[in-house]
1. How do C:97-109, C:1-13 rank on mean C-beta neighbours within 10 Å, highest first?
2. Report, for B:M1, each distance to the same residue's label point in the other copies, shortest first and in nm; define the point 7 Å along Cα→Cβ.
3. Tally Lys/Arg at +1 and Asp/Glu at -1 over every other residue whose Cβ is under 13 Å from the Cβ of B:E22; what's the total?
4. Residues with amide H under 5 Å of A:D107's amide H, sequence separation 5 or more or different chain, H placed in the peptide plane at 1.01 Å from N; which?
5. Would you mind checking the pairs A:K11/B:K110; A:K66/C:K66; A:K110/B:K29 and listing those with alpha carbons more than 28 angstrom apart?
6. Please give me the summed charge of the neighbours of C:E62: other residues whose Cβ is under 13 Å from its Cβ, Lys and Arg +1, Asp and Glu -1.
7. Could you work out the local net charge near C:D104, counting Lys and Arg as +1, Asp and Glu as -1, over the other residues with Cβ closer than 11 Å to its Cβ?
8. Note down the nm distance, to one decimal, between modelled labels 7 Å out along Cα→Cβ at C:M1 and at C:S106.
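Each value in this text was obtained by applying a stated rule to the coordinates, not by laboratory testing. Remember, predicted model here, so these are calculated numbers, not experimental data. Please note: Cβ atoms are built from the backbone with ideal geometry, for glycine as well, and neighbour counts cover all protein chains shown.
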Amino acid sequence: MKMIFAVIRDKDSYAAIGALSEKNIGVTKLASSGGFLREGNTTLMIGVEDSRVEEVMGILRENCAKRTQIDVAAPYPIGGAPIWNYNYSTIQVEAGGATVFVLDVSDFKKL
Amino acid sequence: MKMIFAVIRDKDSYAAIGALSEKNIGVTKLASSGGFLREGNTTLMIGVEDSRVEEVMGILRENCAKRTQIDVAAPYPIGGAPIWNYNYSTIQVEAGGATVFVLDVSDFKKL
Amino acid sequence: MKMIFAVIRDKDSYAAIGALSEKNIGVTKLASSGGFLREGNTTLMIGVEDSRVEEVMGILRENCAKRTQIDVAAPYPIGGAPIWNYNYSTIQVEAGGATVFVLDVSDFKKL
Ligand code: NI
Ligand code: NI
Ligand code: NI
């Protein structure tokens with residue numbers, strides 16, 4: 001048995017918890033802030049069989065890993081719809097990122 | 001030394017923390033949600049000597065284990081006292097439940 | 001790699017997190033309450049290389065250890081400045097205190 005502590009971005013927590021739960025992987029969300037990741041973060045505490053650690057890493061990689069997102073900055077006239085035929089710029093935004101610690105569990109019980 | 005992470009129901013946390021503290025067992029309550037147990041849950045972080053792990057398990061079993069409670073659904077007239085001589089039904093309710101992880105502590109200090 | 005869980009006083013958390021971050025030591029603050037230390041407490045989750053555990057202990061000792069503080073109870077006239085030539089008493093106050101657990105990390109990844 002392993003206990004995985006994953007510090008992820010708040011924004012990625014909904015998708016990560018959903019994906020883990022769908023595979024019947026037990027996850028508890030701890031309220032956390034600051035630290036490893038500067039923005040708002042969430043700590044997931046995940047208990048799994050040793051044989052499923054790689055599966056959890058894959059799910060976290062898919063839902064929480066650092067990636068570059070392209071945000072479109074389209075100019076809006078006041079009160080109007082975006083002007084798509086206008087000259088606008090895109091911005092590259094860094095998103096996600098996870099710090100993952102895997103610890104050995106010496107005993108596990110469900111009461 | 002061992003570090004025990006116990007994910008328990010919110011409703012059982014007051015009794016569990018009280019029972020642990022009474023035995024001078026150090027416990028910290030972490031704010032948590034979702035996951036292992038679907039309803040509102042609380043994570044207890046408990047640091048103990050190896051020799052007291054079974055004692056902690058006993059306290060958690062006594063205060064947090066899954067059990068069936070019988071709730072009485074007695075009909076109330078509007079604004080009045082319950083009508084005990086009325087025909088009412090009882091409901092079996094699942095309560096409690098704890099997921100407990102025991103981890104080895106390699107070093108422990110009080111500063 | 002080690003995972004350090006330090007239960008410290010709320011009041012010491014700002015200084016401790018600042019001192020750890022300044023040394024590029026990753027720290028996550030978990031919302032916690034009650035337990036090991038009776039007053040409001042905070043749990044820091046700190047991931048570090050084995051070679052830096054003593055450095056972390058030093059930082060925690062410097063910022064969070066139990067100490068005696070002397071508080072001056074100077075009488076204030078209503079709406080006025082403190083009367084320093086008045087007969088006043090000092091109070092010794094117990095401050096700080098940390099309970100630190102060091103756990104082995106079997107695997108560590110940044111995603
Ligand atoms: Ni195992
Ligand atoms: Ni031990
Ligand atoms: Ni190591």
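1. Numbers: C:97-109: 19.1, C:1-13: 20.8.
Ranking, from highest mean packing down: C:1-13, C:97-109.
2. Going from nearest to farthest copy, the values are 2.2, 2.2 nm.
3. Here the count lands on -1.
4. For A:D107, the qualifying residues are B:V102.
5. A:K11/B:K110; A:K66/C:K66
6. Numbers: positive: C:K23, C:R61, C:K66, C:R67; negative: C:D12, C:E22, C:E54, C:E55.
Charge balance near C:E62 sits at 0.
7. -4
8. Rounded to a tenth, the inter-label distance reads 1.3 nm.
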